[in-house]
Structure formats: structure tokens, C-alpha cells
Amino acid sequence: MSTSLITEASTASLDEFDRTTSRWGRLTMIAGLIISLAGPMYLVVFGNLDVATSQLWTAFAAVAGTFFVIWLVEPLTYFPILGPAAMYQAFMIGNISNKLLPSALVAQTNIGAKPGTKRGDLAAVMAICGAAAVHLTSLLVFVGLLGTWLISVIPEDLIAVARLYVLPAVMGAVIVQAIVSMKQLRPTLIAFGVVLVVQFVLLPLVPGLTMMSTALSVIGTIFIAWFARKRTSAVVA
Amino acid sequence: MTPLALPLDGSSTDILAVANSPILWICGLGVFAVIIIQSVIYIRAARKAAPAAGMTEAELKTSFRSGAIAAIGPSLAVVLVAVALLALFGTPAVLVRIGLIGSAAYETGAANISATTMGAALGADTYTQQVFAVAFFAMSLGGAMWMLATLIFTPILKRGGHKLAKVNPAIMTVVPAAALLAAFISLGTAELPKSAAHVVTLLSAAAVMGLCVFLSKKLAKNWLREWGLGFAILAGLAVAYFAHGAGLGPVA
């Protein structure tokens, strides 16, 4: 009888944790979403930069065409590992796979908690709070203060070179990173093939498509990779 | 003119004059504040629930500390990449977009896609304050979509909608891999026709990244892979500096 009382009390307090984290997790995430949009909105509205609404939507449409699949898939992928409470933390703090997941796993290992259990969820939440504390501090100090200072003392011609070439440098590294972490030969080859056709055959023929070229390559690659996928499950005759 | 309005001229290429404006700093720090408030609420909730989950106060502390220590390396690796992007986006945008919500790959990708729709290229003469504003808007709205998806899916998944992810395991592996690979390969390939210096920059960054991945496997040093992106970008920029100096850059 005393056990059932304890169980009831603990269920109630675990329910309260669920309620608190889902209510406040959502509210803080909505606040983060609004504040992160406020900056660019301010520039567009008060910046005197002559930005037309149509330019904004065209740009967003091109970005959406490229990344919409990732927007949908990432939350679905991380949910089983993070648990509901940590979802609202992870997608605001960012760098989930390279920082937050390892932090959560190390914490769970250190206290012997299994992912998916209540102990595991709480350990993940605490670990992500710890990771957030370190991350916010190092961003503010090393990027906010030191980085801003560094940019102000580096000679202008160096800054100009960095500005002009940082994109190919990032993309060169990210392509290799994506190929290695995806470990899927077929989609990789298909992606290269589709991109080359779009970039060097389609665009010269229809130059108007330039602004949508990445979205076209993404959608084309998804289609071909889907129909050319390795079917491991038994095929119905 | 309202006091809020910035004395700007959309065609100027002085990006940092817009990108480091005080109101953008305030919005950027606002996101930091929201995360701090969220963490405090979560820690208090976890403290309350711990006994019921069979967790001691010491275990809570251990979890927090393990998470913090494990994050040091990855955080500093992000810092390195973020600093390399300061010249392009200014401090507030880099802090929020690359440091927090997004990542270097997605955000520079989104910014470049936006610039392309305006017939401009990031970092080039066509990268005006107006292009920056549109790119910043589009990357922020893109980042908001991740949060929106999280806000919509989390309650559904919590109610046992795990089926959603199990419809077809191939959808969850092949489709995202194809999307991600095509996006970055396309963005990288579009850089190649710009100049010979762009080509060697991209190839040397790719080579250094490959080397870091290879060595991290060979020597079983995980940190090499974490730092790979930062090392590769710096190496790419160093090569770019010499290639540009040697006259391999775009013809002005």
C-alpha cells in the first residue's frame, strides 16, 4: 500500500515535470522564434534599404525549396533520443548532432541512465543545460567580444579576401563532411550527376532558372535517389 | 525620419555598418536571454522531479557537469567557424544564426541562395546592404521553420505518433541524405565558375576536411573531426589569400 502511494506521488511529480517543460519549453521557443525574426524585420522595415516584399518571398521560396525536407525530417529524427522536454532546448541552442547529443550521452553514461527512461530524459535535460551554459559563454566571449575586436584590427584587404572566399571554403569542407557522415554512395553519386546536369546543361539553356538551381537539384536528386534506392526489404512479387 | 530608421543606402557594400547595428545586437542578445531563462526553468523542474525518477541531487549535478565538459571542444570548434564568418554577416547575425539556432553550412547556404535570387553573390561587389538584409531575413525565416516544425511535431510525437517516423524507414534515410548532399554539392559547384581562386579554395578546404576525417579515424581522435570544419575553412582562406594575390581571383 505504501508502495502504491509512493508510485502515485512520483507519477504526479513526473507529470508536473512534463507539464512545466512542455508549457515553458514551447513558450520560450516561440519567444526565441519571434526575437530571432525581429532583427531582420527591423532591417527590412526601418533600414531604408528599398527592399521589396517580392524580393523577400522569392529569396525565402528558393531557401525553402532547398531545405524543406531537412526542416521536416530533423525534428522527427532527434525526438526518440532527446525526449519531448529537450526538443525545445535543442532546436534553439543548435549544433545538435555535434554537441548536444554527445553531451547528453556522456551524462547518461556517467550516471548509468538509459536513453528513453525518465532518468535518461532528466540526465539529457541537465546535460543540455550544462552544454548551453558553456556554449553561450564561449560564444559571447570569443565571438561577441574577441571576434568583433579581431575583425576591427585585421587589415581591410584580409577581410575582403575572407568575405570573398569564405563561401567556397565552407562548401568544400561541408560537401566532404556530408558525404562522410551520410555514408550513402548511391545518393552521393546521383547528387553529383544531377548537379552537373543542372549547372552545366540546364542553366546555360534556360538562364532564368539560376535563382532556383539549388532547389531544382535537391528535388531532382530526391526523386532519382528514391526510385534508384537499394531495396533491402523483400519485394512483393 | 523616425529615430529608429538607419541612415543607410541600400546600394552600399559596407555590410558591417548595417550588420553590427545596435538593434541587431539587442535582438541577438535577446535570444541568449531566452535560452538562459529556459535553462533556469528546466533545471528547477528537473530538481523537483528528480526524486520521483530515482535520481539524486549528486546525479543531477554530475549530468550538468558532464554535459558542460563534453560541450567545451565542440563549442570552441563552432567559435572558430563563426569568427571566420564575421566579415560576411557581422557579429549579431553570426551569434544567433551560426552560433545558436542554425549552423555554418545551412546558414551560409541559405544566405547564398537568397543572394542568388537577387542576382548577387555573397562577399562580392554585388553584396550590398540591401542583399544582406534580404539574405538575413530569408535565413532567419528558414531557421524559424525548424523551430516551427519542432513546435508542431513534438506534441504529436509525444502522443505516440512514432508511427510517423516509421512509415517507411527508407524515407527517413534516403530522402534527407539526397536533399542534403544535393544542396551542398550544388552550392559548392556554383562557386567553381567564379574564378580559378574559387576553385583552389574549394578544393583545398575539401582536402583538409578529408584529411581531418581520415586522421580522426586512423588515430581514433574524435576531436579532429569536430575541428575539421574550422581547420578546413581557415586553410581554404589561407590558400585563397595567396591565389587571389597571384591574380587568380575574379576579373573585376
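Every residue, every condition in (1) among the charged types (D, E, K, R); (2) within 28 Å of A:ASP121 (Cα to Cα); (3) more than 18 Å from the chain's Cα centre (by Cα), yes or no:
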site: B:THR126; (1), (2), (3): no, no, yes
site: B:GLY142; (1), (2), (3): no, no, no
site: B:THR173; (1), (2), (3): no, yes, yes
site: B:VAL213; (1), (2), (3): no, no, yes
site: B:LYS218; (1), (2), (3): yes, no, yes
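The range A:121-237 holds helices (runs of 4 or more DSSP H) entirely within its bounds, and those carrying 2 or more residues that are farther than 26 Å from B:ILE72 by Cα and of a type in the set (Ser, Thr, Tyr) map to A:213-227.
When you check A:LEU122 against the structure, is it crowded, with 22+ Cβ neighbours inside 10 Å, at the interface with chain B (Cβ under 7 Å from one of its Cβ atoms) and closer than 26 Å to A:GLN89 by Cβ, yes or no? Give the steps one after another, and end with the answer.
Details: crowded, with 22+ Cβ neighbours inside 10 Å: yes; at the interface with chain B (Cβ under 7 Å from one of its Cβ atoms): yes; closer than 26 Å to A:GLN89 by Cβ: yes.
It is true that A:LEU122 is crowded, with 22+ Cβ neighbours inside 10 Å, at the interface with chain B (Cβ under 7 Å from one of its Cβ atoms) and closer than 26 Å to A:GLN89 by Cβ.
Reported count of residues in the range A:183-202, each being without any contact (Cβ under 8 Å) to a residue 12 or more places away in the chain and surrounded by 18 or more Cβ atoms within 10 Å (Cβ to Cβ), is 3. Residues that are more than 8 Å from every other protein chain (Cβ to nearest Cβ) and surrounded by fewer than 18 Cβ atoms within 10 Å (Cβ to Cβ) do occur in the range A:208-216. Of the numbered criteria (1) in contact with a Cys (Cβ under 9 Å, 6 or more places away or on another chain); (2) polar (S, T, N, Q); (3) over 28 Å from A:ALA38 (Cα atoms), the one B:SER39 fails is (3). Taken together, B:ALA115, B:ALA104 contain a single residue that is farther than 25 Å from A:LEU146 by Cβ and of a type in the set (A, V, I, L, M, F, W, C), which is B:ALA115. From the set of residues in the range A:35-63 that are out of contact with any helix residue (DSSP H, G or I) (no Cβ under 7 Å at 6 or more places or on another chain) and either in a helix (DSSP H, G or I) or in contact (Cβ under 8 Å) with a residue 12 or more places away in the chain (or both), which is farthest from A:THR210 (Cα to Cα)? Only one residue fits best here, namely A:PHE46. Just one of the listed residues (A:ASN48, A:ASN110) is touching a Leu at 6+ places or on another chain (Cβ under 7 Å) and surrounded by fewer than 21 Cβ atoms within 10 Å (Cβ to Cβ), namely A:ASN48.
Of all residues in the range B:183-205, how many are assigned to a helix (DSSP H, G or I) and without any contact (Cβ under 8 Å) to a residue 24 or more places away in the chain?
At the first step, the residues of the range B:183-205 found to be assigned to a helix (DSSP H, G or I) are B:183-189, B:192-194, B:196-205.
Filter once more, so that each one left must be without any contact (Cβ under 8 Å) to a residue 24 or more places away in the chain: B:185-186, B:188-189, B:192-193, B:199, B:203.
Count: 8.
Would you mind telling me which numbered condition in (1) part of a helix (DSSP H, G or I); (2) more than 7 Å from every other protein chain (Cβ to nearest Cβ) B:TYR127 fails? Of the numbered conditions (1) part of a helix (DSSP H, G or I); (2) more than 7 Å from every other protein chain (Cβ to nearest Cβ), the odd one out for B:TYR127 is (1).
Would you please name the residue that is nearest to A:MET29 (Cα to Cα), looking only at residues in the range B:1-58 that are polar (S, T, N, Q) and modelled with pLDDT under 85? Among those that are polar (S, T, N, Q) and modelled with pLDDT under 85, it is B:THR2. Candidates in the range B:22-33 are the residues that are surrounded by fewer than 20 Cβ atoms within 10 Å (Cβ to Cβ) and not hydrophobic (A, V, I, L, M, F, W, C); of these, the one that is farthest from the chain's Cα centre (by Cα) is B:PRO22.
Take A:ALA86 and decide whether it is touching a Phe, Trp or Tyr at 6+ places or on another chain (Cβ under 8 Å), assigned to a helix (DSSP H, G or I) and more than 7 Å from chain B (Cβ to nearest Cβ). In short, no. Pairing residues of the range B:240-252 that are modelled with pLDDT under 85 with residues that are in a helix (DSSP H, G or I) and among the basic types (Lys, Arg), at Cβ distances under 7 Å and at least 6 apart in sequence or on separate chains, gives B:PRO250/B:LYS194.
Being more than 7 Å from chain B (Cβ to nearest Cβ) and over 24 Å from the mean Cα position of the chain (by Cα) narrows it down to one of A:THR109, A:THR137, A:THR148, so name that one. Give the steps one after another, and end with the answer.
On the way: A:THR137 fails: over 24 Å from the mean Cα position of the chain (by Cα); A:THR148 fails: more than 7 Å from chain B (Cβ to nearest Cβ).
After applying the criteria, what remains is A:THR109.
Against the test of being part of a helix (DSSP H, G or I), within 25 Å of B:MET147 (Cα to Cα), of a type outside the set (A, V, I, L, M) and in contact (Cβ under 8 Å) with a residue 60 or more places away in the chain, the options B:PHE64, B:PHE32 yield a single qualifying residue, B:PHE32.
Limited to the range A:63-75, what total is found for residues that are within 8 Å of chain B (Cβ to nearest Cβ) and surrounded by fewer than 22 Cβ atoms within 10 Å (Cβ to Cβ)? Lay out the reasoning, then the answer.
Our first condition is that a residue be within 8 Å of chain B (Cβ to nearest Cβ); within the range A:63-75, this holds for A:63-64, A:66-75.
So of that shortlist, the ones also surrounded by fewer than 22 Cβ atoms within 10 Å (Cβ to Cβ) come out as A:64, A:68-74.
Result for the range A:63-75: 8.
For the range A:21-39, state whether one or more residues are within 24 Å of B:ALA105 (Cα to Cα), hydroxyl-bearing (Ser, Thr, Tyr) and facing chain B (nearest Cβ under 7 Å). Taking every residue of the range A:21-39 in turn, at least one turns out to be within 24 Å of B:ALA105 (Cα to Cα), hydroxyl-bearing (Ser, Thr, Tyr) and facing chain B (nearest Cβ under 7 Å). Taking the criterion of being more than 7 Å from every other protein chain (Cβ to nearest Cβ) and surrounded by 24 or more Cβ atoms within 10 Å (Cβ to Cβ), would at least one residue in the range B:64-72 satisfy it? For the range B:64-72, residues more than 7 Å from every other protein chain (Cβ to nearest Cβ) and surrounded by 24 or more Cβ atoms within 10 Å (Cβ to Cβ): absent. B:VAL208 fulfils the conditions (1) among the aliphatic types (A, V, I, L, M); (2) buried (at least 19 other Cβ atoms within 10 Å of the Cβ); (3) in contact (Cβ under 8 Å) with a residue 40 or more places away in the chain except for a single criterion, (3).
The values are calculated or read from the model by the stated rules, or taken from the named source; none is laboratory data. What you see is a predicted model; the values in this text were computed from it and never measured. FYI the Cβ positions are ideal-geometry reconstructions off the backbone, even for glycines, and counts take in every protein chain you see.
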